[in-house]
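Engineer: This is the structure I want to talk about, given as structure tokens.
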Protein chains: 2
Amino acid sequence: MSLDKAKLQAFIPLFYLVWSDDLLTQKEFQTLQQFINSQTWLTQKEQKELTAKIDIFNPPSREDINTWYITLQNTIQQNPSIKSLHDLATVLSNHNKNLKGIATQFTKLENDLGILGEEVISEFKTNKNTLTSNLKTNSTFEVNKLTSFLDGAQEPIINKVKEVISRKEFAYETSTDINIYREKVYEWCKILAKENLGNMAYPKKYGGGENMADYFAIMETLSYHDLSLVIKFGVQFGLWGMSVYSLGTAKHHQKYLQDIGSLKLPGCFAMTETHHGSNVKGLETSATYNHKTKTFTIQTPNKNAQKEYIGNAAVHGQMATVFAKLIIDNHDYGVNAFVVPIRDQEGNTLKGITIGDCGHKMGLNGVDNGTISFDNVEIPKENMLDRFASVNEKGEFESPIPSDNRRFFTMLGTLVGGRIGIPRSALAAAKSGLTIAIKYADQRRQFGPEGGSEIPILNYRIHQRRLLPHLAKTYAIHFALQYLTNRFINRTEEEMQEIEALAAGMKSYSTWNTTTVLQECREACGGKGYLSENRIDALKNDTDVYTTFEGDNTVLMQLVAKNRLSEFRKAFGEMGSMGMINYVFESAKTAVSQKNPIATRNTSEEHLLNNEFHLQAFQYREKSILESAAKRIKKLIDNGLEPYDAFNVVQHHMIEVAQAYLERVTLEQFQKATASVEDEALKNTLTKLLQLYALHQIEKNKAWYLEDGYMEPVKTKAIRKTVNQLCWEIRPDAVALVDAFAIPDSCLAAPIAFQ
Amino acid sequence: MSLDKAKLQAFIPLFYLVWSDDLLTQKEFQTLQQFINSQTWLTQKEQKELTAKIDIFNPPSREDINTWYITLQNTIQQNPSIKSLHDLATVLSNHNKNLKGIATQFTKLENDLGILGEEVISEFKTNKNTLTSNLKTNSTFEVNKLTSFLDGAQEPIINKVKEVISRKEFAYETSTDINIYREKVYEWCKILAKENLGNMAYPKKYGGGENMADYFAIMETLSYHDLSLVIKFGVQFGLWGMSVYSLGTAKHHQKYLQDIGSLKLPGCFAMTETHHGSNVKGLETSATYNHKTKTFTIQTPNKNAQKEYIGNAAVHGQMATVFAKLIIDNHDYGVNAFVVPIRDQEGNTLKGITIGDCGHKMGLNGVDNGTISFDNVEIPKENMLDRFASVNEKGEFESPIPSDNRRFFTMLGTLVGGRIGIPRSALAAAKSGLTIAIKYADQRRQFGPEGGSEIPILNYRIHQRRLLPHLAKTYAIHFALQYLTNRFINRTEEEMQEIEALAAGMKSYSTWNTTTVLQECREACGGKGYLSENRIDALKNDTDVYTTFEGDNTVLMQLVAKNRLSEFRKAFGEMGSMGMINYVFESAKTAVSQKNPIATRNTSEEHLLNNEFHLQAFQYREKSILESAAKRIKKLIDNGLEPYDAFNVVQHHMIEVAQAYLERVTLEQFQKATASVEDEALKNTLTKLLQLYALHQIEKNKAWYLEDGYMEPVKTKAIRKTVNQLCWEIRPDAVALVDAFAIPDSCLAAPIAFQ
């Protein structure tokens, strides 16, 4: 090869680039021509020869491009030190001296073309052992140990439920005909009743298991299967049965509980009315007492007062716990509960009862929701569920709780179990979705280094970001809901309000999480995630209403915040004037220990991964937001706003009050659970997941931390990086972490989870 | 009344509170007792008498409570100056002198009980004219003027489409049987074809309207109706028809276009394979040329290379544009497109073709998606769509674009129209959802000031926050998509890459917005939003896959960011060394004008609502994120990371690069559109909406602005407040703003939107 020929080889990379890179446009042809013409060490003839190769109206042949490609590939592979286009040109030109000293011209050219030399060169390398390619599933702990840890004392009942729902009879119903689906779900419920799963929480003397903890575990485990089944089950044994149990007295228990538990007596929980969903205190259905006949007359006063959305009403229910205003002698004694028959055993609607069908819904179409209207329906006096209020022999109202308001909320308080069952069911659905999406992402390959094989999509950082923080949060919620359940089961009267608020809050926290998780899972599984066979469809649509029922989440969060505010005022008040000083001092101490420039800028890994730092940050946020909300309300009122308006102004702030509280509780429980693990390998993995939960929440709230000055930008930026890193480190364990949920294959069902 | 008696009346508020407030617990009884016993001005007997009233085991009668209530109500209503429990006690006690000077004790008591005196007192007032109650729909502009402005030059075709889809034949199909649904959608498509709506973009000589702008307007307007219809329509006339038009040559146009436009020839667009969705360059289906017979043999080499998710394939398609690797003499010439018959006119599947049915999906069940496999299917040479590549008479490959890579992307580039149709369809779905949710929220009443009537839920700040920023963003996207459409229609070759990136980005931005909007609308409509009759079900489920098809959003966002990065490098490079100085100088100027302490802390309303401030903030963010991403990648590579790994590390950052770009473009277009409005009233309303969009985005990104130092906490806090205030101010216009979409009643259909 002549010297000249070698010299001109320096330009092959440019020819190749301009013709093959789909990002280069016409304008870049000119850029290259100018570049060549500016190389004064080339003769005019040479320049002409070279620019002819990049004439847009005179393209090279496909073979030319291929020859260039092979030349470049060989050169790059034989010279691993080549890093830039200039290096490459130098080698290709046989180290022509004219190329010395014009490296910057080449760099400028790279810029002008909008390319990165290193990237172009790497595409010709055969070494495709990139870090990204090498990452793979490689679990560091024993999956069954984690399963046992998650199940805890409920392991036996969880395994029993899994056995039942894995039976052939529980094969999913795929018909889109809601009549077929409703009957199938009803049949399933009968099997569960037969297995004594429905009456698990009822007293033993009525055939029950007297085991509330097991009951909640059943609700959660059933949720790995069909969610219509769970809701139908919850309506019958939870809402209908537990309303009789909690609001009624011995006579009602004796008469109904056994048959409710065996599903001989299907029933409803008729609270919501068309015009009163969240604001149940405003219910309009009336129960008028007639002392002569010792009966109540149940009446729907207008169309908008019909009972609406009542599960079990459209087809199967024979009885209903009806919430209605008790009227005696034209006096309104507030909302009370009554057992009202609505159908006979043959399923015929009784006189005075009108039932409507809510029809097709976004999901849960195996549940027969309906409307119920009452036209002068008479029921005997004994049908009043009279634990908290009754009509005495003289026909007078009697109650140990004189205030109607307070009595009503006491009644509602006994029904708080529903706000534990639903978030636990939501949790199971999130676990199912994550299992499907993570197992798919571990197998599904798409793209890869140029010329290398395609890599699992879970190796992509963005895919890890989409799924793994959700996995961490779902684990966190698991432990928080365990805690809520324990608090509820072992409650004292004095703790009830706190537990009610916690339940309302965790219901919102968990169900919103599930909605978000399943949306991400759907998208992360692409078109496959959209096919009904892969079950994200059902999981997503069935749970979508979880954020609404048992109380709209947004409304519940306001209640939680109000409770926190009240608690805050009490805590503040009790301190007295000395306490005030202490409070300020405490704040000052916080400022010293947490808000000093060293802490707010501390980006050491040790610090960022530290449990205590996480908890302090969560607590600090909880306390500060609460305090600022209280002050803001006070200030608005002091400035003359009606309190009602003042609370409206801070509604958005109140949501944050509740959120910060729930996040702190959840972190605390995840930390406690992790600390209790003895197995080292397991503890290590859970610790990483815990750190990811903690830091991801802080990252989500970082604007608040920056506004407050609790963290400096250098720290929030370091946290973002650490979140990325934790995702990367957890990725090899991701499949094991979802395997630990031990969801039966037949329930998971999605073909994409079993590739 | 004796003096003593009056004195004791001071304690009535406390009795009432403790017995009626459901937030007070046992502990507070003790608190009250202690308070009473600490009042040394009371005799022991009096103390005893008083504490007896708050003995938890000896409740008062219901009548007692009622008497207290009436006493308090009368007192408060007759003395409007009462603000605190102490004021109240003073008046009740007939201004007993002993109460003087113990106001702080009462305040402490309020704290101990966790209550707010003002709130308690306000509940007894009859003046329920709170600001919150008084807010109502009261539009400030003429709705039809806004409709005309939104529709612009496409008003006639939009009105025509609305007329067609309002016809009786277009009543929604409610069957859950997908066979019935698919046939109904097909029938609808035939009507649209007859109305010459399908062929709107085709040349006039093949029966078309040669009007691309109208075609996109049709896609968008049809989306007010059934979304399966839109997708089926888009598959037939857009994907199938436009692939023949854009990739084929005159012979194909002559042979097919007329029949495609009239729906005589239903067809498919067969690109995606089971194992290649996003990474279409890796398609495995092959088309092998046989020079002897002048035919291609189409072959599916393995199960995972079957064409998947192909619209129109499962039932109706007779032809398909099939993307396959062209093989000549064992050489692979990259992916090209071929017209392949799959069914005869009677609907029988042709020899060598195997069709599967994707079955039930989360939504779009009126579209018959299927799989197609080819077993040695022979097609004539002329069936190659040969605009960009062909096989010549000698049986050799020929193309004006020598690089296979570049040719493939050029082919794809011609199909970018789909990435305009989908985001516009998504926009219409978001408009439908917002119309339903806002009209419902304007009518639905729930809760209200104690004793006052219930108020529309749209009067709640939190409900405004949930819906109105989404309304503003949806308007913003409307204008951005108008801009994208215009750019696309008037494109030059040179601009193509920028427009492709913009389309990919706006497709993601709009479809993600729709997913978020519809989720919020569902929740904001509570249980009613879950009923299929209210249509959020269909809107949500049908559009959920929009974030996936025409390219997974996350993947598209990476492409957008790569394009921005390339543009950035060019801009940077072109400046040369002198430019570098200018660039730094520019940054310095920015620092002076935008990042000085006065600007970063400026919280004046005038400044916060200023267009220029918004645009500068968006531009600054866009530029800074892009620059930092470029620097980060460079640094990672300089530190020895493989470029492939480096790009993986910054994927999350890249999403933000794309996001910031799209937000800036969207804001710019919304600003330009608003500036062009002449009607003052309309301009005022749109300006508020524009400000809400701008500030809500800044609020969403405030962590970034704080980290960067572009804003100080005092400013981001003021922005949050301004967002709340704008929501409040826009609320009376909210219904008019959705009415302006002028969605036909029969399409909106949701009963809750028409109460």
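The values are calculated or read from the model by the stated rules, or taken from the named source; none is laboratory data. What you are looking at is a predicted structure, and each value in this text was computed from that prediction instead of being measured. Neighbour counts run over all protein chains shown; Cβ positions are idealised from the backbone, glycine included.
Engineer: Taking helices (runs of 4 or more DSSP H) that do not extend beyond region A:1-104, which have at least 1 residues that are touching a residue at least 24 places away in the same chain (Cβ under 8 Å) and either within 14 Å of chain B (Cβ to nearest Cβ) or within 25 Å of B:F397 (Cα to Cα) (or both)? If you could, list the steps in order and put the result at the bottom.
Structural biologist: Working: elements: A:3-9, A:12-20, A:26-37, A:44-52, A:62-78, A:85-92.
Per the criteria, A:12-20, A:26-37, A:62-78, A:85-92.
Engineer: Do you know which of the residues in region A:453-488 that are of a type in the set (V, I, T) and in a helix (DSSP H, G or I) is farthest from the other protein chains (Cβ to nearest Cβ)?
Structural biologist: Once the filter is applied, the top-ranked residue is A:T485.
Engineer: Give region B:550-564 a look and list any residue that's surrounded by 23 or more Cβ atoms within 10 Å (Cβ to Cβ) and at the interface with chain A (Cβ under 7 Å from one of its Cβ atoms), or say none.
Structural biologist: Correct list: B:T554 only.
Engineer: Determine if region B:395-404 includes at least one residue that is farther than 28 Å from B:Q254 by Cα and either surrounded by fewer than 19 Cβ atoms within 10 Å (Cβ to Cβ) or within 14 Å of chain A (Cβ to nearest Cβ) (or both). Let's see the steps before the verdict.
Structural biologist: Step one: list which residues in region B:395-404 are farther than 28 Å from B:Q254 by Cα, which gives B:403.
Add one more test, that the residue is either surrounded by fewer than 19 Cβ atoms within 10 Å (Cβ to Cβ) or within 14 Å of chain A (Cβ to nearest Cβ) (or both), and what stays is B:403.
Yes: region B:395-404 contains one or more residues that are farther than 28 Å from B:Q254 by Cα and either surrounded by fewer than 19 Cβ atoms within 10 Å (Cβ to Cβ) or within 14 Å of chain A (Cβ to nearest Cβ) (or both).
Engineer: Mind listing just one residue for me: the one in region A:195-210 that is more than 24 Å from A:E169 (Cα to Cα), surrounded by 15 or more Cβ atoms within 10 Å (Cβ to Cβ) and in contact (Cβ under 8 Å) with a residue 40 or more places away in the chain and, of those, nearest to the chain's Cα centre (by Cα)? Break it down into steps so the answer makes sense when it comes.
Structural biologist: Of region A:195-210, the ones more than 24 Å from A:E169 (Cα to Cα) are A:201-210.
Narrowing further to those that are surrounded by 15 or more Cβ atoms within 10 Å (Cβ to Cβ): A:201-202, A:206-209.
Those left that are additionally in contact (Cβ under 8 Å) with a residue 40 or more places away in the chain: A:201-202, A:206-208.
Details: A:A201: 28, A:Y202: 31, A:Y206: 37, A:G207: 36, A:G208: 33 Å.
Residue satisfying both the conditions and the ranking: A:A201.
Engineer: Additional query: Kindly provide the set of residues from region B:489-531 that are more than 12 Å from chain A (Cβ to nearest Cβ), closer than 30 Å to B:H463 by Cα and basic (K, R), ordered by number.
Structural biologist: Listed by number, the list holds a single entry, B:K507.
Engineer: Same structure, new question: Which residue pairs have Cβ atoms under 9 Å apart, sit 6 or more places apart or on different chains, and have a first residue in region A:409-426 that is more than 14 Å from chain B (Cβ to nearest Cβ) and under 15 Å from A:E498 (Cβ atoms) and a second that is assigned to a helix (DSSP H, G or I) and aromatic (F, W, Y)?
Structural biologist: Correct list of pairs: A:I420/A:F216; A:I420/A:F488.
Engineer: Evaluate the following for A:L192: is it in a helix (DSSP H, G or I) and within 30 Å of the chain's Cα centre (by Cα)?
Structural biologist: In short, yes.
Engineer: If I filter region B:227-236 for residues that are surrounded by fewer than 22 Cβ atoms within 10 Å (Cβ to Cβ) and either without any contact (Cβ under 8 Å) to a residue 60 or more places away in the chain or part of a helix (DSSP H, G or I) (or both), do I get at least one hit? Can you show your working first?
Structural biologist: Just the residues of region B:227-236 that are surrounded by fewer than 22 Cβ atoms within 10 Å (Cβ to Cβ), to begin with: none.
The answer is no; no qualifying residue exists.
Conditions (1) in contact with a strand residue (DSSP E or B) (Cβ under 8 Å, 6 or more places away or on another chain); (2) more than 30 Å from B:N534 (Cβ to Cβ), marked per residue:
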site: B:M212; (1), (2): no, yes
site: B:E220; (1), (2): no, no
site: B:L227; (1), (2): no, no
site: B:W240; (1), (2): yes, yes
site: B:H252; (1), (2): yes, yes
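Engineer: Test of understanding: among A:E520, A:E533, which residue is of a type outside the set (S, T, N, Q), more than 20 Å from B:G529 (Cβ to Cβ), surrounded by fewer than 24 Cβ atoms within 10 Å (Cβ to Cβ) and within 17 Å of the chain's Cα centre (by Cα)?
Structural biologist: On the way: A:E533 fails: within 17 Å of the chain's Cα centre (by Cα).
Only one candidate qualifies: A:E520.
Engineer: Looking at region B:242-292, which of its residues are over 23 Å from B:N392 (Cβ atoms), small (G, A, S) and touching a residue at least 24 places away in the same chain (Cβ under 8 Å)?
Structural biologist: Result: B:G261, B:S262, B:G267, B:A270, B:G277, B:S278.
Engineer: Out of the residues in region B:158-186 meeting the condition of being assigned to a helix (DSSP H, G or I), in contact (Cβ under 8 Å) with a residue 12 or more places away in the chain and charged (D, E, K, R), tell me which one is nearest to the other protein chains (Cβ to nearest Cβ). Don't jump to the end; show me each part of the working.
Structural biologist: Looking only at region B:158-186, we keep the residues that are assigned to a helix (DSSP H, G or I), and these are B:158-165, B:168-170, B:178-186.
From the residues that got through so far, the ones that are in contact (Cβ under 8 Å) with a residue 12 or more places away in the chain too are B:158, B:160-162, B:164-165, B:169-170, B:178, B:181-182, B:184-186.
Cutting the leftovers down to charged (D, E, K, R) gives us B:160, B:162, B:169, B:182, B:184.
Numbers: B:K160: 32, B:K162: 26, B:E169: 22, B:R182: 13, B:K184: 15 Å.
Applying the filter and picking the extreme gives B:R182.
Engineer: Could you say which residue among A:G356, A:G334, A:G366 is small (G, A, S), more than 24 Å from B:D22 (Cβ to Cβ), within 14 Å of another protein chain (Cβ to nearest Cβ) and in a strand (DSSP E or B)? Explain how you work it out, then say what you get.
Structural biologist: Working: A:G334 fails: more than 24 Å from B:D22 (Cβ to Cβ); A:G366 fails: in a strand (DSSP E or B).
Answer to the selection: A:G356.
Engineer: Does at least one position in region A:320-327 carry a residue that is of a type outside the set (G, A, S), more than 14 Å from every other protein chain (Cβ to nearest Cβ) and part of a helix (DSSP H, G or I)?
Structural biologist: no
Engineer: Taking only region B:296-310 into account, find how many residues are surrounded by 18 or more Cβ atoms within 10 Å (Cβ to Cβ) and away from chain A (no Cβ under 14 Å).
Structural biologist: The first filter runs over region B:296-310 and keeps only residues surrounded by 18 or more Cβ atoms within 10 Å (Cβ to Cβ), leaving B:296-300, B:305-310.
If we keep only those that are away from chain A (no Cβ under 14 Å) too, we end up with B:296-300.
Residues flagged as surrounded by 18 or more Cβ atoms within 10 Å (Cβ to Cβ) and away from chain A (no Cβ under 14 Å) within region B:296-310 amount to 5.
Engineer: Same structure again: State yes or no: is A:L109 under 30 Å from A:D22 (Cα atoms) and surrounded by fewer than 17 Cβ atoms within 10 Å (Cβ to Cβ)? Break it down into steps so the answer makes sense when it comes.
Structural biologist: Working: under 30 Å from A:D22 (Cα atoms): yes; surrounded by fewer than 17 Cβ atoms within 10 Å (Cβ to Cβ): no.
Considered against the rule, which asks whether it is under 30 Å from A:D22 (Cα atoms) and surrounded by fewer than 17 Cβ atoms within 10 Å (Cβ to Cβ), A:L109 comes out as no.
Engineer: What is the residue count in region B:124-153 for residues that are within 23 Å of B:F29 (Cα to Cα) and facing chain A (nearest Cβ under 8 Å)?
Structural biologist: 0
Engineer: Scanning for something within 29 Å of the chain's Cα centre (by Cα), in contact (Cβ under 8 Å) with a residue 40 or more places away in the chain, within 20 Å of B:A501 (Cα to Cα) and within 14 Å of chain A (Cβ to nearest Cβ), does region B:658-665 turn up at least one residue?
Structural biologist: Within region B:658-665, the first condition is being within 29 Å of the chain's Cα centre (by Cα), and the residues that meet it are B:658-665.
Adding the requirement that they be in contact (Cβ under 8 Å) with a residue 40 or more places away in the chain leaves B:658-665.
Still in the list and also within 20 Å of B:A501 (Cα to Cα): B:658-665.
Of the ones still in play, those that are also within 14 Å of chain A (Cβ to nearest Cβ) are B:658-659.
Looking for residues that are within 29 Å of the chain's Cα centre (by Cα), in contact (Cβ under 8 Å) with a residue 40 or more places away in the chain, within 20 Å of B:A501 (Cα to Cα) and within 14 Å of chain A (Cβ to nearest Cβ), one finds at least one in region B:658-665, hence yes.
Engineer: For A:R491, all conditions in the list (1) assigned to a helix (DSSP H, G or I); (2) more than 24 Å from A:D542 (Cβ to Cβ); (3) of a type in the set (K, R) hold save one; what is the number of the exception?
Structural biologist: (1)
Engineer: Could you tell me whether region A:122-144 includes any residue that is modelled with pLDDT of 95 or more, buried (at least 20 other Cβ atoms within 10 Å of the Cβ) and polar (S, T, N, Q)?
Structural biologist: no
Engineer: So, one more: How many residues, within region B:397-446, are part of a loop (DSSP other than H, G, I, E, B) and either within 15 Å of the chain's Cα centre (by Cα) or not basic (K, R) (or both)? Write out each step before concluding.
Structural biologist: So the first thing to find is which residues in region B:397-446 are part of a loop (DSSP other than H, G, I, E, B), and the list is B:399-403, B:415-417, B:444, B:446.
Those still in the list that are either within 15 Å of the chain's Cα centre (by Cα) or not basic (K, R) (or both) too: B:399-403, B:415-417, B:446.
Count: 9.
Engineer: Quick check, is A:P449 within 8 Å of chain B (Cβ to nearest Cβ), closer than 30 Å to A:I121 by Cα and crowded, with 20+ Cβ neighbours inside 10 Å? Can you show your working first?
Structural biologist: On the way: within 8 Å of chain B (Cβ to nearest Cβ): yes; closer than 30 Å to A:I121 by Cα: yes; crowded, with 20+ Cβ neighbours inside 10 Å: yes.
So A:P449 passes the test.
Conditions tested, residue by residue: (1) of a type in the set (G, A, S); (2) within 11 Å of chain A (Cβ to nearest Cβ).
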residue	(1), (2)
B:F670	no, no
B:V677	no, no
B:N684	no, no
B:L690	no, no
B:L695	no, no
B:L706	no, yes
B:E729	no, no
B:A734	yes, no
B:A742	yes, no
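Engineer: Return yes when B:L667 is closer than 20 Å to B:L481 by Cα and modelled with pLDDT of 95 or more and no when it is not.
Structural biologist: The answer is yes for B:L667.
Engineer: Would you tally the residues in region A:262-273 being over 16 Å from A:V339 (Cα atoms) and buried (at least 18 other Cβ atoms within 10 Å of the Cβ)?
Structural biologist: Result for region A:262-273: 2.
Engineer: Follow-up question, since we're still on this one. Exactly one condition in (1) touching a residue at least 24 places away in the same chain (Cβ under 8 Å); (2) more than 22 Å from B:E656 (Cβ to Cβ); (3) in contact with a Lys or Arg (Cβ under 9 Å, 6 or more places away or on another chain); (4) not basic (K, R) is not met by B:T674; state its number.
Structural biologist: That leaves (1) as the condition not met.
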